[in-house]
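Single-structure report; data block below.
Every number in this text was worked out from the coordinates using simple rules, so none of it is lab data. Because the structure is a prediction, the values reported are computed rather than measured. Here the Cβ is made from the backbone with ideal geometry for all residues, glycine too, and neighbour counts use every protein chain on show.
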Amino acid sequence: MSRRYTVAIIGLGYVGLPLAVAAARHHQVIGFDIDSTRIAELREGHDRTREVEPSVLAASALELTDDHNAIRGIDIYIVTVPTPVDEQNRPDLSALIAASETVGGALAKGAIVVFESTVWPGATEEVCAPVMARASGLRAGIDFELGYSPERINPGDREHRVETITKVIAAQKPDVAATLAELYGSITSGGVFIARDIKTAEAAKVIENAQRDINIAFINEVAQIFHKLGIATHDVLAAARTKWNFLDFKPGLVGGHCIGVDPYYLAHRAVEVGHNPEIILAGRRLNDAMGGFIADALADSLGLPSERTILVLGLTFKENVPDLRNTRVVDIVTRLTERGYRVDVHDPSADPDEAARLYGLTLLRGLDGIGGYGCVIGAVAHRLYTTFETATFRRLLGPSGLVADLKGIWRGVALPPGMRRWEL
Ligand SMILES: NC(=O)c1ccc[n+]([C@@H]2O[C@H](COP(=O)([O-])OP(=O)(O)OC[C@H]3O[C@@H](n4cnc5c(N)ncnc54)[C@H](O)[C@@H]3O)[C@@H](O)[C@H]2O)c1
């Protein structure tokens, strides 16, 4: 039996809430968030990120608070606040710094503060620790201890959960690392890996996502080349992946707040230390331009006035999640609208109010009673769209309609005669 700690989770979003619920099975956990609406919703049993089921939330011993005073004198603080980029793609550490001030104002001697937010190598010790030291009047590494444990969960993924994945952990001292190994070991069945130091664990996280970004960028680049050559990328990939060491990535949009964001954190630090991160930034540029490329290629294959109405299926940044932040589907919608098309958007997972607030888009309420589109774009592989059959396309499109299958989800579905298929 491992020891039962008091734990405060700071920031209850996609990462913090599942972690808090999992930790509350073994420890005395309080979840803190500055968003009072989020706390009120969670108290009602509603998780708008849909990562935690209402019944699980209701049965959890997790305490919830937006009150700074409620998190004083806790054994272990775990910070899971957002680390986005600004409009110029520069790291925005404001939430991380604010959370460090909050924790600094609450911690007592002997506490451990673990950061899970994705940052550049060095940020925990060089940025967060001094803020906490100032706010607390205590010394980092002497009066309170630092740790870092990158988060790997994948929204919407029911297999790789916080309770099952291997947790990388790091601290400045072996005994602190041992405490964290005990804490996280009690939460996950996937085991823990103790990294050499905090910087190493920070670096491991940021390269996991930068590596994915670069690999997808390569496939996006070859998809653009193959488009000019009249070759279907998915057919090429089907052949190439029969080689034992071929890396199996698919072309497409890279959105959300991890893969499309984290490389900028590494790039930022690289530039600070005098290195120009060529591949990392080339990957970002290529992936960010993919929506425009797709829209232009589609517009070039369309053109007839009867084909000037387009239905975009899916707006969230990935399948079966409600998260609309930093979705790159909007790039397709914007470019096609600029080019004179009327674009309707449908998404069964997105919140219509959020789509209106973030992008000024009015989502269709459903797919019944609509049809006659010149083009249907399958932009996100939501479960509903993967059930489409030949008859669905007959209903949604005009006779010579174009079916743009960006995710390759309709490859096995025959199109009605006269319709055309477009793939990456
Ligand atoms: N979402 C993912 O799949 C994922 C995966 C791995 C790592 N990460 C990283 O984890 C971190 C958190 O991401 P997320 O997706 O959970 O973010 P999120 O936006 O879903 O949630 C963050 C929560 O923190 C709260 N918050 C903001 N500032 C705060 C403060 N000063 N004090 C207390 N609470 C505050 C917000 O109100 C929000 O509820 C980021 O660094 C992200 O890069 C995310």
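Things to note:
- DSSP-defined antiparallel bridges as percent of all bridges, the stretch 6-195, nearest 5: 10 percent
- Max-minus-min Cα coordinates of the chain on each principal axis give 73, 49, 38 Å, with the largest extent listed first.
- Derived scalar couplings ³J(HN,Hα) [the stretch 269-278; Karplus, 6.51 cos²θ - 1.76 cosθ + 1.60; whole Hz; x for Gly, Pro]: 5, 4, 4, 4, 9, x, 10, 8, x, 5
- At most 16 other Cβ within 10 Å, DSSP loop - trypsin sites (Lys or Arg not before Pro), the stretch 119-192: 139, 158, 161
- Hull shadow area, averaged, the stretch 87-210 [alpha-carbon convex hull, nm²]: 8.2 nm²
- For residue 113, the amide hydrogen comes within under 5 Å of the amide hydrogens of 77, 145, 146, 147, counting only partners 5 or more places away or on other chains and with H modelled in the peptide plane.
- The stretch 224-267 and the stretch 141-160: distance between their alpha carbon centers, rounded to Å: 28 Å
- About its Cα centre, the stretch 6-195 has a charge dipole of approximately 320 debye under the convention of +1 per Lys or Arg Cβ and -1 per Asp or Glu Cβ, with nothing else charged.
- Rounded to 5, percent antiparallel among DSSP beta bridges of the stretch 293-410: 0 percent
- The chain - share of DSSP beta bridges that are antiparallel (%, nearest 5): 5 percent
- Tilt relative to the chain, helix 174-187 - C-alpha long axis, 0 to 90 degrees, to 10: 50 degrees
- Residue-averaged [θ]222 nm for the chain, counting only DSSP H segments that reach four residues, each worth -39500 (n - 2.57): -11500 deg cm²/dmol
- Segment residue 182-residue 50, extension gain: residue separation times 0.36 nm, minus the distance between their alpha carbons: 44.7 nm
- Backbone geometry of the stretch 221-226 corresponds, through the Karplus equation with coefficients 6.51, -1.76 and 1.60 at θ = phi - 60°, to 3J(HN,Hα) couplings of 5, 5, 4, 5, 5, 5 Hz, x marking Gly and Pro.
- Phi angles of the stretch 151-161 translate, via the Karplus equation with coefficients 6.51, -1.76, 1.60 and θ = phi - 60°, into HN-Hα couplings of 9, 10, 4, 10, x, x, 8, 8, 9, 8, 9 Hz per residue; Gly and Pro are given as x.
- C-alpha center-to-center spacing [the stretch 50-78, the stretch 164-211] in angstrom: 22 Å
- Spin-label model distance (nm) - residue 241 vs residue 211, 7 Å beyond Cα toward Cβ: 1.9 nm
- About its Cα centre, the chain has a charge dipole of approximately 880 debye under the convention of +1 per Lys or Arg Cβ and -1 per Asp or Glu Cβ, with nothing else charged.
- Amide H contacts of residue 402 (H built 1.01 Å from N, in plane; Pro and chain starts excluded): 375, 376, 420 sit under 5 Å, all sequence-distant by 5 or more or on other chains.
- More than 21 Å apart - percent of Cα-Cα pairs taken over the stretch 6-195: 47 percent
- Loop-located GluC sites (Glu not before Pro) in the stretch 1-62, at most 16 other Cβ atoms within 10 Å (DSSP): 44
- DSSP-loop GluC sites (Glu not before Pro) across the stretch 336-399, with at most 15 other Cβ within 10 angstrom: 389
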